[in-house]
1. Scanning for something at pLDDT 95 or above, farther than 26 Å from VAL202 by Cβ, within 13 Å of the chain's Cα centre (by Cα) and in a helix (DSSP H, G or I), does the range 92-109 turn up at least one residue?
2. If I ask for residues that are under 18 Å from ALA102 (Cα atoms) and assigned to a loop (DSSP other than H, G, I, E, B), which ones from the range 160-177 would you list?
3. Name the residue, out of ALA126, ALA81, ALA75, that is closer than 30 Å to THR146 by Cβ, aliphatic (A, V, I, L, M) and not assigned by TED's automatic domain parsing to the domain that holds SER163.
4. Can LEU157 be described as exposed (fewer than 11 other Cβ atoms within 10 Å of the Cβ), assigned to a helix (DSSP H, G or I) and in the same structural domain as GLN133 (by TED's automatic domain parsing)?
5. Across the range 45-66, what is the number of residues that are in a helix (DSSP H, G or I), under 19 Å from GLN91 (Cα atoms) and not charged (D, E, K, R)?
6. Out of the residues in the range 162-199 that are of a type in the set (A, V, I, L, M) and modelled with pLDDT under 95, state the one that is farthest from LEU123 (Cα to Cα).
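The values are calculated or read from the model by the stated rules, or taken from the named source; none is laboratory data. Since the model is a prediction, treat every value here as computed from it, not as a measurement. Positions of Cβ are backbone-derived with ideal geometry, glycine not excepted, and every protein chain shown enters the neighbour counts.
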Amino acid sequence: MTEKLKIASRCATLAMAAICFASSTLAGPLEDGLAAQQRGEFTTAMDVLRPLADAGQADAQYNVGLMYRTGQGVAQDYREAMRWYAKAAAQGHAKAQTGLGAGYRKGHGVDQDDAFAFKWTSLGAAQGNANAQRGLATMYATGQGTPRDDVKALMWLMLAVKSSEGVRLEGGGSATVDRDALAAKMTPDQIIAAEKLVQAWVLKK
């Protein structure tokens with residue numbers, strides 16, 4: 001190995017060590033902040049999570065956004081919630097993408113925008129988020145942000161049923177009830193087509 005390669009190798013090792021150290025130092029405070037949030041100690045949670053969110057930690061950004069959206073320990077502020085969701089969503093955080101999509105769909109904290117709603121909801125759905133999958137199904141069923149397509153709507157509801165096992169869906173209700181209600185209006189061929197789309201999606205994963 002040449003001297004240059006040895007130096008490059010050492011630098012890469014040091015860089016990886018720095019990344020691991022940074023991750024480990026963030027993990028403790030993040031877990032503490034999330035635990036405080038779960039206990040309902042929202043002021044403490046915000047005090048811990050906000051600096052992590054400012055430092056770019058996606059889970060912290062999402063949960064700070066969640067507290068602003070729901071008014072946990074702070075005045076409810078949809079605009080501030082969407083601002084934090086956007087930061088986490090840009091890093092690939094599925095729940096943040098889902099929340100941002102819902103915000104654009106409903107015009108909460110951002111200007112209502114069907115195209116952005118479809119974009120962010122699709123990204124969350126592709127990561128297996130049940131709320132995003134259900135929301136995307138609604139968009140296909142109503143033609144919001146995309147041409148109406150009952151087959152794709154049913155496909156996403158079928159996936160949402162699987163993804164929502166043990167998960168509380170936003171807004172209540174049931175993906176199973178939604179799936180069955182939509183399927184009751186469709187032809188057998190349409191249902192088969194939706195099932196094939198589900199199978200193709202699962203194979204891609």
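1. yes
2. SER164, VAL167, ARG168, LEU169, GLU170, GLY171, GLY172, GLY173, SER174
3. Details: ALA126 fails: not assigned by TED's automatic domain parsing to the domain that holds SER163; ALA75 fails: closer than 30 Å to THR146 by Cβ.
Result of the check over ALA126, ALA81, ALA75: ALA81.
4. So LEU157 fails the test.
5. Taking the range 45-66 and keeping what is in a helix (DSSP H, G or I), we get 45-54, 58-66.
Add one more test, that the residue is under 19 Å from GLN91 (Cα atoms), and what stays is 49-54, 58-66.
Add one more test, that the residue is not charged (D, E, K, R), and what stays is 49, 51-53, 58, 60-66.
Residues that pass the stated criteria total 12.
6. Across the range 162-199, the extreme among qualifying residues is VAL177.
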